Amino acid sequence: MLWYKACWGTEGLRIKLTCSTSRPSSSHKSYITVEPSRSQPPAPMEQYAALHPTQPHNARAAMKSGKTLLGCGLSFPSIEVARKVALTGYDWCFIDAEHAPFTPVLLASLVSTITHYSQSKMFPVVRVPAHEPSFISVALDAGAAGIILPHLETKEQARHLINECRFAPLGKRSYPPWSWIRGINDQVPDGHTIMSAANDAVACIAQIESVKGVENAEDIISMEGIDAVMIGIGDLRLDMNLPVVFEGTEPEYIAALDKVEGLAKKYNKPLVGFAFPEMTSFFEDRIRRNYQLLMVSADSYAMTYGMAMAGATSRTMVADIQKKMAEEKAAATEGAANGHEKVANGDSAQQEEVTVSA
């Protein structure tokens with residue numbers, strides 16, 4: 001069970017977390033304390049926003065800033081959830097169209113919702129279903145700042161990703177006539193066309209998550225146009241016939257991680273990954289390995305753990321309060337009984353005194 005403690009103060013929300021199988025006492029010392037007002041200042045994503053919110057943030061420039069960009073995951077097929085996620089203050093949003101039931105229409109709405117409801121303070125990055133070009137164009141036409149292509153294993157597949165994300169002469173992306181209306185929302189910086197501005201902005205992110213992908217990692221990562229690298233540790237471990245755990249220690253697995261991460265460093269390509277703050281050692285490992293785009297929260301986990309925590313805490317509180325009430329009632333009953341006994345004893349003594357006098 002994941003236990004949370006939270007309270008509002010003059011410095012904002014302070015959250016304490018710990019992993020425990022029982023409710024921690026008030027003297028519990030192993031909480032992780034997160035104080036947003038004292039943590040790393042958020043990168044001002046507005047400075048990477050386009051001149052119109054229907055156009056993508058310059059995710060490539062944001063990654064070149066060298067700052068650790070904290071992201072949140074969106075998997076609920078719900079615009080209302082996206083509106084709330086957009087208010088949470090993260091730098092970017094990982095929209096997972098690979099493992100969530102998104103239609104193209106809904107995906108386009110989620111992308112634009114993140115940008116608009118965050119007031120351009122958060123940029124959307126979409127993981128598309130593997131090698132499905134229609135989802136790439138839908139996401140980009142809606143304003144996605146980055147595309148993650150999963151299960152990428154070859155140089156040819158990397159070239160396919162670039163072709164789908166870049167306009168000519170850098171790729172083969174089709175011009176979206178209904179997305180940018182001439183004279184309305186096609187404003188671009190001086191010296192750019194709408195196409196060249198998009199080419200400069202959109203990040204192509206290769207997700208390597210198989211033995212074959214690791215074998216071909218240098219061909220993929222070295223390619224001009226691949227902007228960042230994500231390692232899919234779950235699928236990679238499955239492909240290596242290893243159990244799915246976050247912190248594997250098998251030599252062959254560590255060697256695969258070291259190879260991909262080393263190549264990312266060699267070719268100056270940022271690493272993309274996830275690590276939730278309650279996963280203390282894993283989180284620290286990701287920071288030390290210089291993961292630059294780091295998803296640290298996700299709607300499904302936040303809702304499930306948050307609601308489970310509220311229910312479990314409430315049950316314990318109810319039991320504690322009812323126990324206290326029972327003790328109070330017992331004490332009151334005992335006090336009343338003692339009082340009656342004293343009165344009875346007093347009456348008996350007085351009667352005895354009257355009898356002796358007589």
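Since every read-out is calculated from the coordinates, none of them should be taken as a lab result. In this text the structure is predicted, and so the values were computed from the model without any measurement. With ideal geometry, Cβ positions are generated from the backbone for all residues, glycine too; neighbour counts draw on all protein chains shown.
Just to be sure before I move on: is residue 177 closer than 20 Å to residue 106 by Cα, free of Cβ contacts under 8 Å to residues at least 12 places away in the same chain and either surrounded by fewer than 19 Cβ atoms within 10 Å (Cβ to Cβ) or more than 26 Å from the chain's Cα centre (by Cα) (or both) in the structure I sent?
In short, yes.
Search segment 248-274 for residues that are buried (at least 16 other Cβ atoms within 10 Å of the Cβ) and pair each with any residue that is of a type in the set (Lys, Arg) and part of a helix (DSSP H, G or I) when their beta-carbon atoms are under 7 Å apart and the residues are at least 6 apart or on different chains.
Matching pairs, first to second residue: 248/237; 253/237; 273/286.
State which residue pairs qualify: first residue in contact (Cβ under 8 Å) with a residue 12 or more places away in the chain and inside segment 77-98, second residue part of a helix (DSSP H, G or I) and of a type in the set (Phe, Trp, Tyr) in any location, beta carbons under 7 Å apart, and separation of 6 or more residues or different chains.
So the pair list comes out as 83/117; 86/117; 87/117; 97/135.
Residues in segment 253-275 that are of a type in the set (D, E, K, R) and touching a strand residue (DSSP E or B) at 6+ places or on another chain (Cβ under 9 Å): how many?
Total satisfying the criteria: 3.
Quick check on segment 285-292. Is at least one of its residues touching a residue at least 60 places away in the same chain (Cβ under 8 Å), hydroxyl-bearing (Ser, Thr, Tyr) and buried (at least 19 other Cβ atoms within 10 Å of the Cβ)?
Yes, segment 285-292 contains a residue that is touching a residue at least 60 places away in the same chain (Cβ under 8 Å), hydroxyl-bearing (Ser, Thr, Tyr) and buried (at least 19 other Cβ atoms within 10 Å of the Cβ).
Within segment 185-232, count every residue that is under 28 Å from the mean Cα position of the chain (by Cα) and without any contact (Cβ under 8 Å) to a residue 40 or more places away in the chain.
Number of matching residues: 1.
As an exercise: evaluate residue 55 against (1) buried (at least 22 other Cβ atoms within 10 Å of the Cβ); (2) touching a Leu at 6+ places or on another chain (Cβ under 8 Å); (3) not in a helix (DSSP H, G or I) and give the number of the one condition it does not meet.
Against the list (1) buried (at least 22 other Cβ atoms within 10 Å of the Cβ); (2) touching a Leu at 6+ places or on another chain (Cβ under 8 Å); (3) not in a helix (DSSP H, G or I), residue 55 comes up short only on (2).
Please state which of the following conditions residue 173 fails to meet, knowing it meets all the rest: (1) in a loop (DSSP other than H, G, I, E, B); (2) out of contact with any Lys or Arg (no Cβ under 9 Å at 6 or more places or on another chain).
(2)
When you scan segment 198-282 for strands (runs of 3 or more DSSP E) that lie fully inside it, which ones turn up with 1 or more residues that are in contact with a Pro (Cβ under 7 Å, 6 or more places away or on another chain)?
In segment 198-282, 203-208, 228-231 are the strands (runs of 3 or more DSSP E) which contain 1 or more residues that are in contact with a Pro (Cβ under 7 Å, 6 or more places away or on another chain).
For segment 76-106, which positions are farther than 23 Å from residue 62 by Cα and buried (at least 22 other Cβ atoms within 10 Å of the Cβ)?
Answer for segment 76-106, where residues must be farther than 23 Å from residue 62 by Cα and buried (at least 22 other Cβ atoms within 10 Å of the Cβ): just 102.
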